[in-house]
Amino acid sequence: MKRALIAGGGGFIGGHLAAGLLREGIHVRVADVKPLEQWYQRFADAENIVADLKHPEACQAACRDVDEVYNLAADMGGMGFIENNKALCMLSVLINTHLLQAALEHHVGRYFFASSACVYNVNKQNAGGFVTLAEDDAYPAMPEDGYGWEKLFSERMCLHFREDFGLQTRIARFNNVYGPYGAWRGGRERAPAAMCRKVIEAKETGKHAIEIWGDGSQTRSFTYVTDCVRGVIDVARSEILEPINLSAPSVASINELVDALEQIAGIKLERQYKLDAPQGVQGMNSDTSKMRQYLGWEPSTPLRDGLAETYRWIHAEYLKGSG
Ligand code: NAD
């Protein structure tokens, strides 16, 4: 039976990936630094281990007897978190470094690295007009400070481990993945989950106002998590040797996200724009031509449908008072 390690599998995307690989009948080992009760999803038929993968010994133990490694472990969050925790974000380089080394020593067949659209040159993303970012737009390098530099450096380390040592690394760049079973409060949540929570709070408290970071015109390619997971598995097993965008082709602004959530919740909110809050680049929109060309498909979950699922789950968590 094939065996896979999901590093960071107690997190949002890793939890959904574990579900996907278990459905394939694969033996799944999930490793995460968080205590088990804080994992977003936990599966009885997986091997669940709590380990800090910043340490080489932990990576050695995690990579023992596995055929595929999926590295989704990173200290990260939404724009507020990554703008205020640059050093923490950069320390994730230790995870990828020691995992690569351990994967090599344990003769792992495939090594997948979860990169990000934050590797793209920020000047290109702040240029006026509507810009989509193709894979080559990561260079000349000027990524998001902290988090983006770590991702770009780790991408290169993956590439060179393949070229120099023959470890079969594969890399995909995610862009604003959203869905249920992820952070929705506490500071690490990303825009779609934060907006769901704010709309739910407005509905439940009767205070029909919403705070929006920036002027709401910032655009993103929002990718539903099940599309992301399908892409991760496809890219990991493909012959795509260079980093590839794994992202929805459609683009929406934060204001449009709120429009959709107002419809889902059946309310209308007064929008209060906080112009000095962290808001990231003006446009982070991925060009998905390569994905279409190499994988023959691209994410297709409509934003409205994915948001409705996310809203439903966060609403239930909100009512439980958990999270
Ligand atoms: P997440 O925070 O929910 O999951 C990351 C997991 O890694 C967490 O459970 C965390 O506890 C774990 N982790 C952190 N440090 C660790 C350590 N030292 N040892 C073991 N585990 C550790 O985030 P996510 O949204 O599921 O993201 C998964 C990956 O995808 C990350 O690498 C992230 O940078 C990348 N990514 C995500 C998005 C997105 O929109 N969610 C966008 C771009 C890139």
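Anything over 24 Å Cα to Cα? Flag those among LYS54/LYS151; LYS203/LYS320; LYS2/LYS290; LYS34/LYS207; LYS34/LYS203, in the order listed. Walk me through the numbers before you get to the answer.
Details: LYS54/LYS151 15 Å; LYS203/LYS320 16 Å; LYS2/LYS290 28 Å; LYS34/LYS207 35 Å; LYS34/LYS203 32 Å.
Cα-Cα > 24 Å for LYS2/LYS290; LYS34/LYS207; LYS34/LYS203; rest within.
To make sure I understand, if each residue's beta carbon is the centre and we count other beta carbons within 10 Å, what order do PHE113, PHE174, PHE165, PHE43 fall in, fewest to most? Don't jump to the answer; show the numbers that get you there.
Working: PHE113 27, PHE174 23, PHE165 12, PHE43 16.
Ranking PHE113, PHE174, PHE165, PHE43 by Cβ neighbours within 10 Å, fewest first, gives PHE165, PHE43, PHE174, PHE113.
If we count other beta carbons within 10 Å of each Cβ, what is the order of LEU241, LEU100, fewest first?
The order, fewest Cβ neighbours first, is LEU241, LEU100.
Count the DSSP beta bridges whose two residues both fall in the chain, then state the antiparallel fraction as a percent rounded to the nearest 5. Mind dumping the intermediate values first?
Working: 2 of 38 bridges.
Antiparallel bridges make up about 5 percent of those DSSP assigns within the chain.
Full extension from ASN126 to ASP65: what is 0.36 nm times the residue separation minus their Cα-Cα distance, to one decimal in nm?
On the way: separation 61, 0.36 × 61 = 21.96 nm, distance 4.52 nm.
In short, 17.4 nm is gained.
Among TYR181, ILE13, ALA236, which residue has its Cα positioned farthest towards the positive end of the charge dipole of the chain, with +1 placed on the Cβ of Lys and Arg, -1 on the Cβ of Asp and Glu, and the dipole taken about the Cα centre?
TYR181
What does the extension gain come out to for TRP297 and LEU241, with contour length at 0.36 nm per residue minus their alpha carbon separation? List each step's numbers first, then the result.
Numbers: separation 56, 0.36 × 56 = 20.16 nm, distance 1.79 nm.
Stretched out fully, the TRP297 to LEU241 stretch lengthens by 18.4 nm.
So for the pair GLU47, GLU270, with labels modelled 7 Å out along Cα→Cβ, what separation do we get in nm?
That separation, rounded to one decimal, is 5.7 nm.
How large is ³J(HN,Hα) for each residue in the range 269-276, as worked out from phi by the Karplus curve 6.51 cos²θ - 1.76 cosθ + 1.60 (θ = phi - 60°), to whole Hz, x for Gly and Pro?
Once θ is set to phi - 60°, the couplings for the range 269-276 become 10, 7, 8, 10, 8, 9, 6, 9 Hz.
Go through the range 188-193 residue by residue and turn each phi into a ³J(HN,Hα) via Karplus (6.51, -1.76, 1.60, θ = phi - 60°); whole Hz please, and just put x for glycine and proline.
Coupling constants for the range 188-193: 9, 6, 9, 3, x, 5 Hz.
For a quick check: with amide H placed at 1.01 Å from N, whose amide H comes under 5 Å from SER116's, ignoring anything fewer than 5 positions away on the same chain?
So SER116 has HN proximity to PHE174.
What are the principal axis extents of the Cα atoms in the range 215-323, in Å, biggest first?
That gives 48, 32, 22 Å along the principal axes, largest extent first.
Taking the Cβ of GLY146 as the centre, find all other residues whose Cβ is under 13 Å away and add up their charges (Lys, Arg: +1; Asp, Glu: -1). Please list the in-between numbers first.
Numbers: positive: LYS86, LYS151; negative: ASP75, GLU83, GLU144, ASP145, GLU150.
In short, -3.
All of the numbers you see were taken from the coordinates with simple rules; none came from a lab. This structure is a prediction, so every number in the text was calculated from the model and none was measured. Cβ coordinates were reconstructed from backbone atoms using ideal geometry, including for glycine residues, and neighbour counts include every protein chain displayed.
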